[in-house]
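S.K.: Here you go, one structure.
The values are calculated or read from the model by the stated rules, or taken from the named source; none is laboratory data. All of these numbers come straight from a predicted model, not from anything done at the bench. Here the Cβ positions follow ideal geometry from the backbone for every residue, glycine too, while neighbour counts run over all protein chains shown.
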């Protein structure tokens, strides 16, 4: 009796092969022929699941986004009870910086997802951008001694204090720029310097204004 094909398992194999290609070659390496070769399949077998390269890339970018969320979220959500407020926030934000081999991989996946979204702007804006902004918003609010969002459905909403929104934007821009320097000019900025710069920015965030 012929073995039944588990389509979910096959798609998972495709995603694993495709993510390896993304890490080596970026988004442009995600072609039907390239992924078929990486997975050890024929192009005809792969086309059974994806009619064209666009469908394949869309699937792979969804897989990359989920991989990033599954890797990064448990780390940033880990309870932090020791150290100053600045050090606790720095330890969270540092998870977004390519400071070791694992986070370099995550940065490569993020870059591929960003490139896909640039070519095919999603309705409602970039999911990865909104995820990052929500994290930075929470960090700034916590650093200022203000309430953070606890309900999952409210995480992406602007904070009622415009200063939190302003500093979240500053932090978002700062981290993106620092990550780019760490990847594109290796050796120019050390992991230690990156941490010091991040601490300096966090210390500059003003406390919440007291209501009169």
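S.K.: Closer than 30 Å to residue 56 by Cα and in a helix (DSSP H, G or I), is that true of residue 135?
M.R.: When the stated conditions are applied, residue 135 passes them.
S.K.: State all residues of region 162-209 that are farther than 22 Å from residue 147 by Cβ and part of a loop (DSSP other than H, G, I, E, B); if no residue qualifies, say none.
M.R.: Once the filter is applied, which keeps residues that are farther than 22 Å from residue 147 by Cβ and part of a loop (DSSP other than H, G, I, E, B), region 162-209 yields 185, 187, 188, 190.
S.K.: Further, regarding this structure: Kindly list, by first and then second residue, each pair from a residue in region 159-175 that is within 23 Å of residue 95 (Cβ to Cβ) to a residue that is part of a loop (DSSP other than H, G, I, E, B), limited to pairs with Cβ atoms under 7 Å and residues at least 6 apart or on different chains.
M.R.: Hits for this filter: 164/144; 164/146; 165/158; 165/159; 167/205; 175/97.
S.K.: Also, I was wondering about something else. State which residue pairs qualify: first residue surrounded by 12 or more Cβ atoms within 10 Å (Cβ to Cβ) and inside region 117-131, second residue at pLDDT 90 or above and in a helix (DSSP H, G or I) in any location, beta carbons under 6 Å apart, and separation of 6 or more residues or different chains.
M.R.: Filtered contacts from region 117-131: 126/117; 128/113.
S.K.: Across region 73-86, which residue is surrounded by the fewest Cβ atoms within 10 Å (Cβ to Cβ) among those that are under 21 Å from the mean Cα position of the chain (by Cα) and part of a helix (DSSP H, G or I)?
M.R.: In this case the residue turns out to be 74.
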